[in-house]
Amino acid sequence: MNSETTGNTMRLNGDLSLFSVVLFGLAYISPGIVVTIFGVVAATSGGVAPTAFAVATLAMLLTGLSYAKMARAVPGAGSVYTYARKMLDSRIGFLSGWAMLLDYFFIPMVGWLITAIYFHAQFPEIPKWAWLIVSVGITTAVNVFGMKLADRVNKVLMFIALGSLVLFATLCVVFLGKHGSSAPATDALWNSGTSIGAVTAAAAIAAYSFLGFDAVSTLGEEARGGARTIGRGIIGCVVAAGAIFIVLSFVMQLVHPGAKFADVDAAAYHLKVQVGGETYAEMINFVTIAGSIASCIALQASAARLMYVMGRDGALPKAVFGNLSKKTGTPVLNLLLTAVAGVIAMKLDLTTATSFINFGAFLGFALVNACVIAHLVRERRHGRTPNLFSYLVTPVLGAGVSLYLLTRLGHVALQIGGVWLAIGVVYLAVLTRGFRRPAPEMTFDDDTAATDAVTA
């Protein structure tokens, strides 16, 4: 990427192609997650994982369309926080940023839990909680000392991950060709053991696999073609990820029909042993572990960066969150806080952990759809008439689906998410002196200096 300097501000030239934008979104999503959470989704849905992923894809596509519209309406780097602040209100924007903080704070926890699951599958004699502590310790140490490992290996890991997925899918097809499936193929899409409620509950979990497609919206200044490319990139990312998830979960569901697993969290490893043998499973498991650790480094750095910038901008107590270590130039306290949150995963299973993340995500998705409707109202006030189906019907459906999926999350996730949101409202009331003042502005969308400081 080339850059140019204007005054004291560094700006990036628009040299990213549509393919690069889609690849960036896929890299952030990490398509291999479908293999990791297959057991959870299949068990929750009643043995129809591909149907659950299809429902999640449609739900994400509705919101993806709204993100594409907002990318055109608000050119440049963006996010749900930026859109809500500009289209709705600064205080609503703050609460959307607060919800994002819940996502960012717990996303590393899920990454560490997944890494621990793969470690435990490889070395079952060592308990999962021990591997969790090892994973948290490794990534926290790397981030404290400021290595840029995640950035340097991102594309390499992306192609390795896609290659391993193609190999795994091929082995599944070969296995089915030799042994067949113990149930009709249609049972993988719908069977007597499932229900609409079960599928939507599973779709709410499956939606975790898509988290990150909205990160494409932050590339507005760097994409060749600007907002038009970003809009297409968001849709392309959702469609590509959805296709991977549906196809791969379908062949996996054929290899292992039904919803019963000895260990739903480790179902992926056992499936790999089933179709490729222990040598293949162990080899791929090591690749997955390496990729998971690199991913956790990036996830933890992002969470720490968000807290740092919110502290620096006054949205969080500056004395606590807005400081960088003089020795390393990294937000050590923020990194340690995310590490503490990661240790909580010792008491959680993968289903509960992922549902924490989805609470903030679904709330943010609903707000993005609301922003499209607000944009329609503004445009009509200025005498312009955007297409009502595209700018009203679609976002209403997108918001409705997002809120419905929110209600399908587990009780623990809803309780924690509700408490987190309530704390945000109280904190916002204090910051704005009873909502009478605009909320502090957070600049984590395009603050290059902050990014460099945290990930350097």
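The values are calculated or read from the model by the stated rules, or taken from the named source; none is laboratory data. Here the structure is a predicted model, which means the values were calculated and not measured. Here the Cβ is made from the backbone with ideal geometry for all residues, glycine too, and neighbour counts use every protein chain on show. In case anyone asks, the SASA skips ligands and DNA or RNA and just uses the protein heavy atoms, side chains included. Shrake-Rupley method; radii C 1.70, N 1.55, O 1.52, S 1.80 Å.
What 222 nm value per residue comes from the helices of the chain, counting each DSSP H run with n ≥ 4 as -39,500 (n - 2.57) and dividing by all residues, nearest 500 deg cm²/dmol? List each step's numbers first, then the result.
On the way: 17 runs with 316 residues, N = 456.
Per the formula, -23500 deg cm²/dmol.
Using the Karplus equation 6.51 cos²θ - 1.76 cosθ + 1.60 (θ = phi - 60°), what ³J(HN,Hα) coupling, rounded to whole Hz, does each residue of the range 368-383 give in order, writing x for Gly and Pro?
Computed from phi, the couplings for the range 368-383 are 4, 5, 5, 5, 5, 5, 5, 5, 4, 4, 5, 4, 5, 5, 8, x Hz.
May I ask you to derive the relative contact order of the chain, considering only C-alpha pairs under 8 Å and at least 6 residues apart, and to give it as an integer percent?
Normalised by residue count, the contact order of the chain is 33 percent.
Heavy atoms of the protein only, probe of 1.4 Å, neighbouring chains included. What is the accessible area of Leu299 in Å², nearest 10?
For Leu299, solvent-accessible area is about 30 Å².
Let a ≥ b ≥ c be the square roots of the eigenvalues of the Cα gyration tensor of the range 300-350; is it rounded (a/c under 1.5), or, if not, prolate (a/b larger than b/c) or oblate?
Prolate is the answer for the range 300-350, as a/c is 1.5 or above and a/b outweighs b/c.
Could you name the lysines whose alpha carbon sits less than 26 Å from that of Lys128, not counting residues in the same chain fewer than 8 places away?
Counting by Cα, and skipping residues close in sequence, Lys128 has these lysines nearby: Lys260, Lys272, Lys347.
Taking every pair of Cα atoms in the range 334-409, average 1/r, invert it to obtain the Kirkwood radius, and report Rg/Rh to two decimals. Display every interim value, and only then the final one.
Working: Rg = 18.0 Å, Rh = 14.7 Å.
The Rg/Rh ratio comes out at 1.23.
About the Cα centre of the chain, what is the dipole size in debye to 20, counting +1 per Lys and Arg Cβ and -1 per Asp and Glu Cβ, all else neutral? Walk me through the numbers on the way to the answer.
Values: 30 positive and 22 negative charges, 240 e Å.
The dipole magnitude comes to about 1160 debye.
Quick one: check the C-alpha center-to-center distance for the range 355-429 versus the range 27-76, whole angstrom.
What the calculation gives is 16 Å, centre to centre.
With a 1.4 Å probe and all protein chains left in place, how much of the accessible area of the chain comes from carbon and sulfur atoms, in whole percent?
Values: 12390 of 19110 Å².
Looking at the chain in its full context, I get 65 percent from C and S.
Kindly write out, for the range 351-360 in residue order, the coupling ³J(HN,Hα) from the Karplus curve 6.51 cos²θ - 1.76 cosθ + 1.60 (θ = phi - 60°), rounded to whole Hz, with x marking Gly and Pro.
Along the range 351-360, the couplings run 4, 5, 4, 5, 5, 4, 5, 5, 4, x Hz.
Please quote Rg/Rh for the chain to two decimal places, taking the Kirkwood radius as Rh and restricting both calculations to Cα atoms. Spell out each step's value before the answer.
On the way: Rg = 21.6 Å, Rh = 22.5 Å.
On the Cα set of the chain, Rg over Rh gives 0.96.
Report ³J(HN,Hα) in whole Hz for each residue of the range 110-122, in order, from the Karplus equation J = 6.51 cos²θ - 1.76 cosθ + 1.60 where θ = phi - 60°; Gly and Pro get x.
After applying 6.51 cos²θ - 1.76 cosθ + 1.60, I find 5, x, 5, 5, 4, 4, 5, 5, 5, 4, 5, 5, 6 Hz.
Give the lysines whose C-alpha is closer than 27 Å to that of Lys69, dropping any in the same chain fewer than 8 places away, or say none.
Hits, sequence-local ones excluded: Lys86.
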